[in-house]
Amino acid sequence: MKSEQQYIELFQQCRQLLSSQSDVVLDALRDEAFRIFKRIGLPDKKAERYKYTDVQEAFSPNYGLNLNRLQFRINPYDVFKCNVPNMSTLLYFIVNDAFHSKEYPNAKPSGGIIISSLNEAAHLYPDLVSKYYGQIVRKAETPSINSEGGQIIDGEFVPLRKNNEPDAITALNTMLVQDGLFIYVPKNTVSDKAIQVVNVLTSTVDLLVNRRVLVVLEEGAKAKLLFCDESMSDVNMLATQVMEVYAGPSSELELYELEETNMKNKRFSNLYVQQHDKSKVTLNSISLHNGLTRNMTYVSLEGEESVINLYGGVIADKEQHVDNHTLVDHKVPKCVSNELFKYVLDDNSVGAFAGRILVRNDAQKTESQETNANLCVTKTAHMFTQPMLEIYADDVKCNHGATVGQLNEAALFYMRQRGISLDEAKLLLKFAFVGEVIDKVDLEPLRDRLHYLVEKRFRGELNKCSGCRLC
Amino acid sequence: MLEIKNLHASINGKEILKGINLTINDGEIHALMGQNGAGKSTLSNVLVGHPAYEVTQGSITFNGKDLLALKPEERSHEGIFMSFQAPVEIPGVSMVNFMRAAVNAKRKYLGKEPLTAGEFLKIMREKRKIVELDSKLSNRSVNEGFSGGEKKRNEIFQMAMLEPTFAILDETDSGLDVDALRIVADGFNKLKTEKTSALVITHYQRLLDYIKPDFVHVLLDGNIVKTGGPELALEIEDRGFDWIKAERAVKNEE
Ligand SMILES: Nc1ncnc2c1ncn2[C@@H]1O[C@H](COP(=O)(O)OP(=O)(O)OP(=O)(O)O)[C@@H](O)[C@H]1O
Ligand SMILES: [Mg+2]
C-alpha cells in the first residue's frame, strides 16, 4: 500500500469532524484539496521536485492526529523564558498547530495589526481571510494559459509542465488543516516591533501536525517576523506547514525562520510568497538542528521592481537531512532576486539544494543572482546541489553558481601554527562559512543571538532543544 | 634552545632535506640563505610541524623536548612562531577572533586564565603600534584582501601578540617597501630579548642591515654547506652562490 492511502481513508472518515471543528473559510477548500491529493498521491523518488527527500517513507508510519482539538496542558509563557537582551518582540506561541491565545503582557500589536489564530480570524473576518486563504497557493499552482498547455482531468486543469503541478503536501495540509496563524498588517502600517512566533511541537504520542500560516501585508505595510520551530517532546513528530505570504505594493517584509527541533522531527514546509509592485521581501531560514527537513519556497514576482532576498543556512550532522527547494518566478520586468544558501555538513548528514530561477518572456531587465556553497566536513556527508537558471527573456543579468568543498587545509595549518587546536580551527572555519548567511540578518539582536547559537551548535552544546532561546 | 640533528625530510615521497645539523642557542639570530628551491621553507615547515612533510630521519629538540612528538599547536604554545612566506587568507574569521583564540589557547596551555575582552583589546591596541598596523586591518578578516606588504606586517603583529621565544621569519622582507621594511624590522628588534632566538630566511642583505645575524648559513640542495658570520651575507649579495657551489664541488671530489 502506498503511503497516501491512509490519509485518503482518514480524510473520508473524519470529514464531518473536521467541519465541525473549523470555520467555513478553512472548510471550503478541503474537498478540492482532497480531489487533488487523491489524484496525485504522495510523490515518490521519481518526482523531480522531491527526488532528494523520501516523502513516501516519511509519511508511511501511522501518526495520530489531534482531531478533537485536545488542549496541551502547557502554558508556553511559563515554560519559555526570555533570554535575549535588547530584543523586544511581540511574542506569540503556536503549540503544534494551535495558536496560544492567552494574552501576554508584551504582545499588543498596534495600529490595526491582527495577529491571531487562523481559525478564529476566519470566523471574525471572513471576507478578509477568504480573500487570501488558499489563493496564493492557487495562483502559484495555476499555469499561465498563454505559455503552458494542459488538459482537463477530473474537472481540473492539469498542466503539461510538471512545475505547476499542485503540491501533494500542500494539498494534504489544506485537507486536514484545523488552525494556525493569521497576521495582517493594514495599509501603510508599520509594525514597530518584530513579531516572534514560537512553534512548539509537543506530544506524548507520535503525532502529525498540520499548521497553516497566512501573512498579509497591504500596500506600504512593513513587518519583521521571526518563526522558531522548537520540539519539546521526544516522540516522532511529522509537521507539515503551509505558509502563504501576500506582499502588497511597496510593502516590506523580513521573514526569519529558525529550526531547532530534534532528531525525531520531520518537517515539510511549503512557503508561497506573492509579491506586488515595488515590494521588498527578505527570507532567511536557518536550520540549526533537526531530524528530516524539506523546505519548499516558491516566490512569485507579480509586480514590477520587486526585490526578493532569499537566504538559507544549514548546519547538519549525525544522520540529519535538510533539503531546500526554491523557485523564484520572475513574471514581470525589473525585479531583483538574490539567493544565497550555505550548508555545513558533518558526520553522515545529507544536504540538498535545488534552486530554480525562472525568468519568463516578459521579465526584461531582471537581475538575478544565485549562490549555493557547501562544506562537507567528512567524507560520509553528502550534498546534492542543483542550481537551475531558466531564462526566456533576452535583456537580463543573471548569475548562478554552486560549490562543494572541504575545510581549507592551509587555513587550518596557519591557525594551528598560532596555537589554535585543530578542533577549534575547524570550528572557526565552519563558523565563518555560515556566518555569511547570518550576517544578512538585519535585526541586530537576532543576528548576535544566531552567531551565539551557531557557535554553541558547532561545539555540540545544542543537541537537544531546551526551549526558546530567542524571545 | 634548538638542536637539529641529521634531519631528513620529504614531501610527496621526494626527499628535500638531506641531513641538516643546526644548533641555535638562547639569544642568537641565525640567517638562512640559499637559492630558490633549496629547502629553506621546507626546514621552517618541518620545524612548525606542517603535516604535509614527513621526517624520515634525525631529531629536533627544543628546550630539551622532542619537538617532533608535538602537534603544531603545542609547538606554538612552547614558543615557536613562524612568519609565513605566504600568509593564508581566512575569509569570515576576524583578526580579533583569530588572535583571541590563539592567545587564549596559549594561556590555557600555560595554565593561565583567559583574557577578558577588555584586556585583550587593550593588548591588541598596544601591539598594533609596534608594527604600525592600521586598525582597519585588524578589524577585517584574517589577511583577506591585504596587500603583500600588509600581510607581512600582520605576521609580525601576530608575533608581537604571541611573544614567542623562537621566531622563524620566512622571507618576511619580501613584498615590503623601504619604509615598511624598516618599521617591521624595528618592530622585530623591539620584541627581541636576550633570551629569544630567531631563524631569519632572506635573499637580501637589506633585512640583515636591520636584523643583525650572529651566524649566516647557506642551504644548498637540502644541506647546510657553509656557515659564517654576518660578512658571509655581504659576500653572497656581492657574488651570488656559484662560488659556494664550486667550493662544494671541489670538496666533494677530495
Ligand atoms: N608539495 C610538493 N611536492 C613536491 N615537491 C615540493 C612540494 N613542495 C615543495 N616542493 C619542492 O621542495 C623544494 C624545496 O622547496 P622550498 O619551498 O623549501 O624552497 P625554498 O628554499 O624555500 O625556496 P624559495 O627561496 O623559492 O622560497 C623545491 O624544489 C620544491 O619544488
Ligand atoms: Mg621559501
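General remarks:
- When residues in the stretch A:288-317 are screened for being closer than 27 Å to A:Asn96 by Cβ, open to solvent by 20 Å² or more (accessible area, probe 1.4 Å) and outside any strand (DSSP E or B), 1 of them pass.
Every residue, every condition in (1) hydrophobic (A, V, I, L, M, F, W, C); (2) on the phi < 0 side of the Ramachandran plot; (3) open to solvent by 30 Å² or more (accessible area, probe 1.4 Å), yes or no:
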position: A:Asn188; (1), (2), (3): no, no, yes
position: A:Asp206; (1), (2), (3): no, yes, yes
position: A:Val216; (1), (2), (3): yes, yes, no
position: A:Gly220; (1), (2), (3): no, no, no
position: A:Ser231; (1), (2), (3): no, yes, no
position: A:Thr240; (1), (2), (3): no, yes, no
position: A:Ser269; (1), (2), (3): no, yes, no
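- The stretch B:117-167, residues that are among the polar types (S, T, N, Q) and closer than 24 Å to A:Phe431 by Cβ: B:Ser135, B:Ser138, B:Asn139, B:Ser141, B:Asn143, B:Asn154, B:Gln158
- Of everything in the stretch B:127-144 that is touching a Pro at 6+ places or on another chain (Cβ under 9 Å) and assigned to a loop (DSSP other than H, G, I, E, B), the residue that is nearest to the other protein chains (Cβ to nearest Cβ) is B:Asn143.
- Restricting the stretch B:71-99 to residues that are part of a strand (DSSP E or B) and more than 7 Å from chain A (Cβ to nearest Cβ) leaves a set whose member that is modelled with the lowest pLDDT is B:Ser94.
- Single unsatisfied condition, B:Leu17 versus (1) more than 16 Å from ligand 1 (Cβ to nearest atom); (2) of a type outside the set (S, T, N, Q); (3) not in a loop (DSSP other than H, G, I, E, B): (1)
- Residues that are within 16 Å of A:Tyr343 (Cβ to Cβ) and of a type outside the set (Ser, Thr, Tyr) were ranked within the stretch A:385-399; the one that is nearest to the other protein chains (Cβ to nearest Cβ) is A:Pro387.
- Subset of the stretch B:181-226 [within 16 Å of ligand 2 (Cβ to nearest atom), more than 15 Å from the chain's Cα centre (by Cα) and of a type in the set (Ser, Thr, Tyr)]: B:Tyr204
- Annotation: B:Thr23 fulfils all but one of (1) at negative phi; (2) more than 16 Å from ligand 2 (Cβ to nearest atom); (3) surrounded by 15 or more Cβ atoms within 10 Å (Cβ to Cβ); the unmet one is (3).
- Among the residues examined, B:Thr227 qualifies as among the polar types (S, T, N, Q), open to solvent by 50 Å² or more (accessible area, probe 1.4 Å), closer than 23 Å to B:Ile80 by Cβ and in contact with a strand residue (DSSP E or B) (Cβ under 8 Å, 6 or more places away or on another chain).
Let's see how each residue does on (1) in contact (Cβ under 8 Å) with a residue 60 or more places away in the chain; (2) surrounded by fewer than 22 Cβ atoms within 10 Å (Cβ to Cβ); (3) aromatic (Phe, Trp, Tyr); (4) away from ligand 2 (no atom under 16 Å from the Cβ):
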position: B:Met1; (1), (2), (3), (4): yes, yes, no, yes
position: B:Ala9; (1), (2), (3), (4): no, no, no, no
position: B:Asn36; (1), (2), (3), (4): no, yes, no, no
position: B:His50; (1), (2), (3), (4): no, yes, no, no
position: B:Thr61; (1), (2), (3), (4): no, yes, no, yes
position: B:Glu74; (1), (2), (3), (4): no, yes, no, yes
position: B:Glu89; (1), (2), (3), (4): no, yes, no, yes
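- Count - residues of the stretch A:111-128 that are open to solvent by 20 Å² or more (accessible area, probe 1.4 Å) and part of a helix (DSSP H, G or I): 7
- Flag if A:Leu407 is crowded, with 20+ Cβ neighbours inside 10 Å, closer than 30 Å to B:Ala101 by Cα, in contact with a helix residue (DSSP H, G or I) (Cβ under 6 Å, 6 or more places away or on another chain) and more than 10 Å from chain B (Cβ to nearest Cβ): no
- Residue within the stretch A:431-453 that is at pLDDT 90 or above, in a helix (DSSP H, G or I) and of a type in the set (Gly, Ala, Ser) present: yes
- For the stretch B:233-253, the tally of residues that are surrounded by fewer than 12 Cβ atoms within 10 Å (Cβ to Cβ) and charged (D, E, K, R) stands at 5.
- Top-ranked residue of the stretch B:151-175 - restricted to ones that are of a type in the set (Gly, Ala, Ser) and not in a loop (DSSP other than H, G, I, E, B), ranked as farthest from ligand 2 (Cβ to nearest atom): B:Ala160
- Count of the stretch B:176-202 residues, restricted to those that are over 20 Å from B:Glu163 (Cα atoms), in a loop (DSSP other than H, G, I, E, B) and open to solvent by 50 Å² or more (accessible area, probe 1.4 Å), is 1.
- A single member of B:Leu181, B:Leu219 is away from chain A (no Cβ under 14 Å) and within 16 Å of ligand 1 (Cβ to nearest atom), and it is B:Leu219.
- Test: residue in the stretch A:71-87 that is open to solvent by 80 Å² or more (accessible area, probe 1.4 Å) and at pLDDT 90 or above: no
- Residues that are within 23 Å of B:His8 (Cα to Cα), at pLDDT 95 or above and away from ligand 1 (no atom under 16 Å from the Cβ) do occur in the stretch B:44-58, at least one of them.
Per-residue answers, yes or no, for (1) in contact with a strand residue (DSSP E or B) (Cβ under 7 Å, 6 or more places away or on another chain); (2) within 14 Å of chain B (Cβ to nearest Cβ):
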site: A:Leu358; (1), (2): yes, no
site: A:Asn361; (1), (2): no, no
site: A:Met383; (1), (2): yes, no
site: A:Leu412; (1), (2): no, yes
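- Tally, over the stretch B:100-126, of residues that are part of a loop (DSSP other than H, G, I, E, B) and within 12 Å of another protein chain (Cβ to nearest Cβ): 1
- Qualifying residue in the stretch A:340-356 (condition: surrounded by 19 or more Cβ atoms within 10 Å (Cβ to Cβ) and not in a strand (DSSP E or B)): yes
- Residue match in the stretch A:414-426 (condition: over 22 Å from B:Asn154 (Cβ atoms), of a type in the set (A, V, I, L, M) and modelled with pLDDT under 95): no
- Each residue in the stretch A:242-287 was checked for being assigned to a loop (DSSP other than H, G, I, E, B) and of a type in the set (Asp, Glu), and 1 pass.
The values are calculated or read from the model by the stated rules, or taken from the named source; none is laboratory data. Quick caveat: nothing in here was measured; it's all calculated off a predicted structure. Note that each Cβ is placed from the backbone with ideal geometry, even for glycine, and that neighbours are counted across all protein chains shown. The area values use the complete protein model at the heavy-atom level, side chains included, leaving out ligands, DNA and RNA. Shrake-Rupley method; radii C 1.70, N 1.55, O 1.52, S 1.80 Å.
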